[in-house]
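Q: Structure incoming, see below.
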Amino acid sequence: MEETTGLRERKKAATRLALHEAALRLATEHGLDRVTVEAVADAANVSRRTFSNYFSSKEEAIFHGDAVRLGRLLELVRRQPADAPPWAVLSGAAERLAVEAYGNAPPSWLVRRRQLRGHPGLVAHQIAAYTTIERELADDIAHRSTGPERALRSRVLAATFLTTLRVAIQHWIDHPEGPLLDILRTALAEAAPAGTSAPPANGSGSGTG
């Protein structure tokens, strides 16, 4: 039974990825406004109904890659030691994500991101996704914190961190000459709350595999 369930989930993941890649490719080739859900479904060799089982819109299909990365970020944060300082927890998780998700990004991916950046439909999805993960990160930080106003402090910290992460990634997309990890470390050091020490430069603060 477990093997059957695992196979089913892998097939679902493969279909979801195929739809995401088809939507991304068509949007960069023809412009997002000219792409239809039907065209995405055809490009992924599935039906319109199958598309609707996975995504509610072409914008959601395109944003799928970012949604997966944000989910991985949250997972990495939750793997950190319970007694680690909150900013070190967030920074370590972000550094690990930079290596995992962006370390081998091909030039074509960067070109596509530059082409689609700023489209109103995609910006709306980005805002919604970041708002959701901000709340979850703030809850995690609050459980790691003590003292008065920890709920407010945790929300400010989560919002600051996600803004820093987003800005670092956008800067790297515009200036991809060096690795994202270097840009991210610089940005996190600039944004760190007063009195916060940076995680070790070798990435040892990024948690377990």
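Q: Quickly run through the range 95-105 and pick out the residues that are aliphatic (A, V, I, L, M) and either open to solvent by 20 Å² or more (accessible area, probe 1.4 Å) or not in a helix (DSSP H, G or I) (or both).
A: Of the range 95-105, the ones aliphatic (A, V, I, L, M) are 97-99, 101, 105.
Those that are aliphatic (A, V, I, L, M) and either open to solvent by 20 Å² or more (accessible area, probe 1.4 Å) or not in a helix (DSSP H, G or I) (or both): V99, A101, A105.
Q: With the condition being touching a helix residue (DSSP H, G or I) at 6+ places or on another chain (Cβ under 9 Å) and in contact (Cβ under 8 Å) with a residue 40 or more places away in the chain, I'd like the helices (runs of 4 or more DSSP H) fully within the range 19-94 carrying at least 3 qualifying residues.
A: Because the criterion is at least 3 residues that are touching a helix residue (DSSP H, G or I) at 6+ places or on another chain (Cβ under 9 Å) and in contact (Cβ under 8 Å) with a residue 40 or more places away in the chain, the helices (runs of 4 or more DSSP H) in the range 19-94 that meet it are 58-78.
Q: If you don't mind, there's one more thing I want to ask. It is to be established whether one or more residues within the range 194-202 are modelled with pLDDT under 95, farther than 26 Å from E29 by Cβ and part of a helix (DSSP H, G or I).
A: No.
Q: Checking the conditions here, which among E190, E177 is modelled with pLDDT under 90, open to solvent by 30 Å² or more (accessible area, probe 1.4 Å) and charged (D, E, K, R)? Reasoning before the result, please.
A: Details: E190 fails: modelled with pLDDT under 90.
The unique qualifying residue is E177.
Q: Residues of the range 1-23 being open to solvent by 20 Å² or more (accessible area, probe 1.4 Å) and of a type outside the set (D, E, K, R), which ones?
A: Residues of the range 1-23 open to solvent by 20 Å² or more (accessible area, probe 1.4 Å): 1-18, 20-21.
Once the filter is applied, which keeps residues that are open to solvent by 20 Å² or more (accessible area, probe 1.4 Å) and of a type outside the set (D, E, K, R), the range 1-23 yields M1, T4, T5, G6, L7, A13, A14, T15, L17, A18, H20.
Q: Among the residues of the range 70-89, which ones are open to solvent by 40 Å² or more (accessible area, probe 1.4 Å) and either touching an Asp or Glu at 6+ places or on another chain (Cβ under 7 Å) or among the charged types (D, E, K, R) (or both)?
A: R72, E75, R78, R79, D83
The values are calculated or read from the model by the stated rules, or taken from the named source; none is laboratory data. Keep in mind it's a predicted model, so treat the numbers as computed, not measured. Here Cβ is always computed from backbone atoms with ideal geometry, including for glycine, and neighbour counts include all displayed protein chains. Surface areas here come from the heavy atoms of the whole protein model, side chains and all, with no ligands, DNA or RNA. Shrake-Rupley method; radii C 1.70, N 1.55, O 1.52, S 1.80 Å.
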